[in-house]
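Undergrad: Have a look at this one before I ask anything.
Throughout, read-outs are computed from the coordinates displayed, never taken from laboratory work. Bear in mind that the values here come from a model prediction, so they are computed numbers and not experimental data. Here Cβ is always computed from backbone atoms with ideal geometry, including for glycine, and neighbour counts include all displayed protein chains.
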Amino acid sequence: MKKLFYIFTILIFKFNFAYSLIEVDITRGNLDPLPIAISPLHVDPQSDNYQDVKVKELGDLISAVIEKNFKSTGLFNPLNKDAFVQKPDIAHLKPRFEDWSLITAQALVTGKLLMKDDKLKVEFRLWDISANKEMIALAFTTTPSNWRRVAHIISDKIYERLTGETGYFDTRIIYVSETGPKTQRVKKLAIMDQDGKNTKYLTLGNELVLTPRFNPTNQLVTYLSYFRNLPRVYLLDIETGIQEVVGNFPGMTFAPRFSPDGKKIIMSFAKDGNSDIYTMDLETRLVEKITEDSSIDTSPSFSPNGKYICFNSDRSGLQQIYTMKSDGSGVKRISFGNGIYGTPVWSPRGDLIAFTKVRAGKFYIGVMRSDGTGERLLTENFYQEAPSWSPNGRLLVFYRETKSGQDGEGFSAKLWSIDITGYNERELKTETDASDPSWSSLLSK
Amino acid sequence: MKFNKRITNLLIIFISALALSACVTAKKPTGVSMSSDVYTGTDTVKYLASGVKDRVFFATNRSTLTSASRDTLRKQSDYLRKNKDLNVVLEGHADERGTREYNLALGEKRANTAKDYMMTYGVSGKRISVISYGKEKPVNSASTPLAWSQNRRSVTVKVK
């Protein structure tokens, strides 16, 4: 038996030695971020001033975006470029590993840019400094105006190689932009890149809009609009801007989300003071009633395999979280802690449910396993709610409101994100006040 | 003598305790118009007609009507029965201390509770429509228990 164990450990050791060189531990809060050197991208001399394209500038911009992405994870510590001794072109061919390890870098990113036939080609390599090895080498060709996307895609590739997890940089966040005083808020749908860039407004603010959510391919958004003062669930095509009401319900429909295959919308329909959960097939327009209870049933969210639904109900008196099969059978209450629970959202990995909890006048964002065990509260505040998962299930984005004074002064609504470890809480800067964020899936799959 | 002193000590404690509790109770009624977290004042209230208040208030997370609310709704029903060409919208609201989606449902439930009550007092359901604004349209923007109690409301609005 002892012998067997011995062999086993050797195998593990060998496996480790052969494959993983640097490891970034993302299962716990990372208090010791990995030092990474992101060398400026080398510009091929022949492309230096290619017609009107400022290639050198693009190189600097791309490496700045990559650096910012890595800094934002809290898992990496991008090193100061002033300390880099090796020239970008030489480093890209073969770094002098001793030089880089001298400045404590454990990973190095190098790259090269060139222009050919009006296209921008971006090459990059990731190097393991302690193992003196190249970890990946990839190249992307695109139009120069698309440089930002390329920077995010490269960031994802590096993140994936170093953490073993899918990345989330090449993503967007849709949210509700808010302006004006609290009693007369103007709300618009807005969309931005995950890093806060490229903000676009999708509605004009003429009517109240709430709770936008992406479909799995990120082309459609479902949301609540008070168009003509009739609160109904709508569908918006982001490219064409075409909006349509979802189903002809004789009352308020709200709290919409797509099913994981994108074919259905699940939502609440309120009639005569009772809110129940319904699905509507977008192709056949067939409506199904999923819950039948005299209490409030709302905030439904499918499990990633589509077989289960978690939702919010006050059937036990106060708001709690329940799960059921997708046909509405097998309803099970899963939240039992002190306080009330709302806005359950199933993680894209399927194992966790994120939620908002209210206890003793404080609001918490937390996660629990889908059977209700293992509740962990990640962050406490005066007011925060509506978590939405990053596509890799590592982070949550949510919104937070501040306490206002007698005349509403001091009020703000902002987007924040936090690791499911409870670490790396940070504000996502938006042009205006913001709420109801929803994270897209990876744009490039 | 010793015994006496003990009694005086006890008396002093007793009296100061009384005085303290008096302070606590004396503070409450002035200015704060809430009864078990339902707003009872008239600060934000408007009138449909003389003596007919336009709104009723609710306790946190509740949609049940208090006796004052029922009184208001009876007066509204009388008024509507006398003015047959008038239709109304009941706008249900919640305070900012709940999740947005649940608050939308709660506002709808509150307005419907008011509608149901008015219907039992002889107003046709066809004359009453309902809309919920959840926490989206507070009337008092402060983050205080008083403001929240004024925001948990169902408001009856005349339709032209």
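Undergrad: Can you tell me the orientation of helix A:147-163 relative to chain A, as the angle in degrees between its alpha-carbon axis and the longest Cα principal axis, to the nearest 10?
TA: Approximately 80 degrees, to the nearest 10.
Undergrad: Calculate one ³J(HN,Hα) per residue across segment B:110-124 by plugging θ = phi - 60° into the Karplus curve 6.51 cos²θ - 1.76 cosθ + 1.60, and present them in order as whole Hz with x for glycine and proline.
TA: Once rounded to whole Hz, the list reads 4, 5, 5, 4, 5, 4, 4, 5, 5, 5, 5, 9, x, 9, 5.
Undergrad: Still on this structure, I have one more. What is the average number of partner chain Cβ atoms found within 10 Å of a Cβ in A:250-258?
TA: 3
Undergrad: I need the calculated FRET efficiency for the pair B:SER36 and A:ARG349, taking r as the beta carbon distance and R₀ as 41 Å, to the nearest 0.05.
TA: According to the calculation, E is roughly 0.40.
Undergrad: Let me ask something else about it. Roughly how large, in nm² to one decimal, is the mean projection of the convex hull of the alpha-carbon atoms in chain A?
TA: 27.0
Undergrad: Mind checking A:399-406 for the average number of partner chain beta-carbons within 10 Å of each residue's beta-carbon?
TA: Other-chain Cβ atoms within 10 Å of each residue's Cβ, averaged: 3.
Undergrad: Which cross-chain or sequence-distant (5 or more) residues have an amide H under 5 Å from the amide H of A:LEU120, H modelled 1.01 Å from N in plane?
TA: A:THR142, A:THR143
Undergrad: Spelling out what I want: for every residue of segment B:135-148, take phi, set θ = phi - 60°, compute 6.51 cos²θ - 1.76 cosθ + 1.60 (Karplus), and round to whole Hz; glycine and proline get x.
TA: Once rounded to whole Hz, the list reads 9, 6, 10, x, 9, 10, 8, 6, 9, 9, x, 5, 4, 4.
Undergrad: On average, how many beta carbons from a partner chain sit within 10 Å of the beta carbon of a residue in B:133-140?
TA: For this peptide, the per-residue mean of nearby foreign Cβ atoms is 4.
Undergrad: Can you tell me the dipole magnitude for segment A:351-445 around its Cα centre, using point charges on the Cβ only (Lys, Arg +1; Asp, Glu -1), in Debye to the nearest 20?
TA: For segment A:351-445, the charge dipole is close to 300 debye.
Undergrad: Quick one: angle between helix A:55-73 and the longest Cα principal axis of chain A, in degrees between 0 and 90, rounded to 10, please.
TA: The angle comes out near 60 degrees.
Undergrad: Given charges of +1 on the Cβ of Lys and Arg and -1 on the Cβ of Asp and Glu, with all other atoms neutral, how large is the dipole of chain A about its Cα centre, in debye to the nearest 20?
TA: Charge dipole of chain A: 700 debye, to the nearest 20.
Undergrad: While we're looking at this one, here's another question. Tilt of helix A:2-18 relative to the longest C-alpha principal axis of chain A, in degrees (0 to 90, nearest 10)?
TA: Between helix and principal axis, roughly 80 degrees.
Undergrad: Quick check on packing: order A:374-381, A:62-69 by the mean number of other C-beta atoms within 10 Å, highest mean leading.
TA: Ranked from most to least packed, the peptides come out as A:62-69, A:374-381.
Undergrad: Below 8 Å between Cα atoms, with a sequence gap of 6+, how large is the relative contact order for chain A in percent?
TA: Dividing the mean separation by the residue count of chain A yields 10 percent.
Undergrad: Same structure again: Step through the residues of segment A:249-258 one at a time and calculate ³J(HN,Hα) from phi using the Karplus curve (6.51 cos²θ - 1.76 cosθ + 1.60, θ = phi - 60°), rounding each to whole Hz and writing x for Gly and Pro.
TA: 8, x, x, 6, 10, 7, 6, x, 8, 7
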